[in-house]
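The values are calculated or read from the model by the stated rules, or taken from the named source; none is laboratory data. Bear in mind that the values here come from a model prediction, so they are computed numbers and not experimental data. Virtual Cβ from ideal backbone geometry, glycine too; neighbours counted across all protein chains shown. Note: areas computed on protein heavy atoms with side chains; ligands, DNA, RNA excluded. Shrake-Rupley method; radii C 1.70, N 1.55, O 1.52, S 1.80 Å.
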Amino acid sequence: MRLYWSILFGFMLISAWSGSAAPIKKSIGLIQQRNGQTNIKASLKRVETQLNGIIAEYGRNGLEGDDLNALKRFQGMLSKLTDEEITKILKQLEDSNLLKGDKTKDSALLAFDTQKNVITKLNTIYLEWQQEQIFRELSDRFMKLSNVQRINMRQAVKTAQTHNQIIPTNPSEEYKIDIRIQELDQTGISDEADALIKKLEALNKKLSRYIEPRPSLAIKIINTDLKPAIQGSVKDIQDYNLSNAALKERTSYIAMINIARILAPKRDDEEVIRQALRDVEQSIKEQQEILDDTNALDEVENPNPEELSQDQADLVDQTDFIRQDITELVPTAAQELGLSTDNQQEARAALSESTASPETAAETAAAEQQAALENFADAQAALEEALEAFGEGEGE
């Protein structure tokens with residue numbers, strides 16, 4: 001009975017892939033691009049249906065063992081795949097000679113060997129995917145923690161400004177409460193970071209840095225930037241030195257983002273450019289909103305240029321991360337983003353100028369923000385051109 005279902009499984013998988021796993025060329029047009037993705041997902045759906053049928057037959061016939069467990073693991077993986085992972089896994093199976101066997105040798109032994117080899121291939125793919133999920137989870141959690149750290153950093157700045165950035169000899173009860181809240185929040189961030197670091201260090205011990213360098217690269221940033229900054233910020237808060245604490249919290253926030261970026265799933269050049277284009281489009285929207293708020297400063301009852309300065313500083317960081325991603329791939333766009341950050345920095349400085357009136361700060365900052373938008377637009381055009389070139393290259 002086991003041999004019978006082994007033969008059936010081998011033929012069904014070979015049949016499924018021989019008709020559905022042909023390479024799909026990406027086209028220039030966005031509509032064709034979406035159609036290509038739809039076809040890829042349809043191919044995977046057919047494989048999923050075949051797997052479900054085989055697993056059901058195993059169950060009806062009371063068959064158990066490692067083969068069935070491998071199929072179930074792979075089955076559970078299919079529903080959790082991203083578009084990029086779907087494409088990668090299809091490519092892995094297409095490249096496998098195991099799925100391109102000589103159908104003329106229609107013997108039971110060949111079919112059985114094919115099934116065994118296919119299950120081995122599925123097991124390998126599953127283990128690779130499982131490891132990648134660990135990296136994805138760590139990356140996501142570091143990125144989410146960076147946002148928590150950014151919020152606490154901004155609160156530290158606000159608290160310092162409220163209390164005139166003075167280290168008191170006899171702090172008020174209100175100040176003590178503000179400091180205690182800041183300390184509790186920062187300690188919580190430190191505890192969460194420690195938990196993530198331990199997981200990353202355990203992963204690093206299991207993997208060779210020559211084969212998988214991401215954990216060791218992330219740990220280097222942890223040791224040089226993240227740990228000293230987090231530990232120092234807690235001490236500064238306890239000493240009522242919120243200005244220094246905020247600087248260290250910013251270092252922590254940037255370090256967390258860099259760690260998340262290192263651990264994130266690997267992307268090909270086209271996807272890097274495509275994501276950069278999406279990020280630039282989002283940054284343009286955010287910069288326009290900051291510009292609108294800046295222009296409206298003289299209409300606000302209690303204008304707070306410093307709050308807008310912090311918003312602008314956040315966008316400076318976001319822009320620089322995009323620039324880093326495409327420096328080698330699209331140098332023209334990277335240069336324009338560099339110019340945009342220069343303008344943004346000037347706008348941030350103008351909004352932070354304590355001696356200037358809100359009207360003067362707004363006028364100076366708005367001009368720089370408009371220039372930043374123009375550079376963003378030039379970067380967007382360069383990215384669109386680079387992405388179009390990818391399509392033309394693959395369509396030839």
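Taking the protein heavy atoms of segment 180-268 in the context of the full set of protein chains, the accessible area attributed to carbon and sulfur is 54 percent at 1.4 Å. Judged by the ratio a/c of the largest to the smallest principal axis of the C-alpha gyration tensor, segment 288-396 counts as prolate, that ratio being 1.5 or greater while a/b is larger than b/c. Under 1.5 on a/c is rounded, so check that first for segment 207-279, then, if it is not, pick prolate when a/b is larger than b/c and oblate when it is not; a ≥ b ≥ c are the square roots of the alpha carbon gyration tensor eigenvalues. In terms of gyration-tensor shape, oblate.
Distance from the C-alpha centroid of segment 325-367 to that of segment 156-196: 29 Å, rounded to the whole angstrom. With R₀ fixed at 41 Å, the C-beta to C-beta distance from Gln165 to Gln282 puts the FRET efficiency at about 0.80.
Given a 1.4 Å probe and the protein chains as shown, Leu207 ends up with an accessible area of around 40 Å². Packing, as the average of other Cβ atoms within 10 Å across residues, places the peptides 149-157, 324-332 in the order 149-157, 324-332, highest first. Annotation: per residue accessible area for segment 255-330 equals 47 Å², rounded to a whole number [probe 1.4 Å, protein chains only]. With R₀ fixed at 56 Å, the C-beta to C-beta distance from Ala381 to Ile151 puts the FRET efficiency at about 0.95. The simple spin-label model puts a point 7 Å past each Cα toward its Cβ; for Glu353 and Ile177 those points are separated by 3.7 nm. The largest accessible area among Ile179, Ile254 belongs to the first residue in Ile254, Ile179, and the rest follow in falling order (1.4 Å probe, all chains).
When the C-alpha to C-alpha distance is required to be over 19 Å, the pairs from Lys158/Lys248; Lys158/Lys285; Lys176/Lys235 that qualify are Lys158/Lys285. Scattering from segment 163-291 was approximated by placing one identical point on each alpha carbon and applying the Debye formula without solvent; log10 I(q)/I(0) at 0.11, 0.20, 0.21 1/Å stands at -0.58, -1.09, -1.12.
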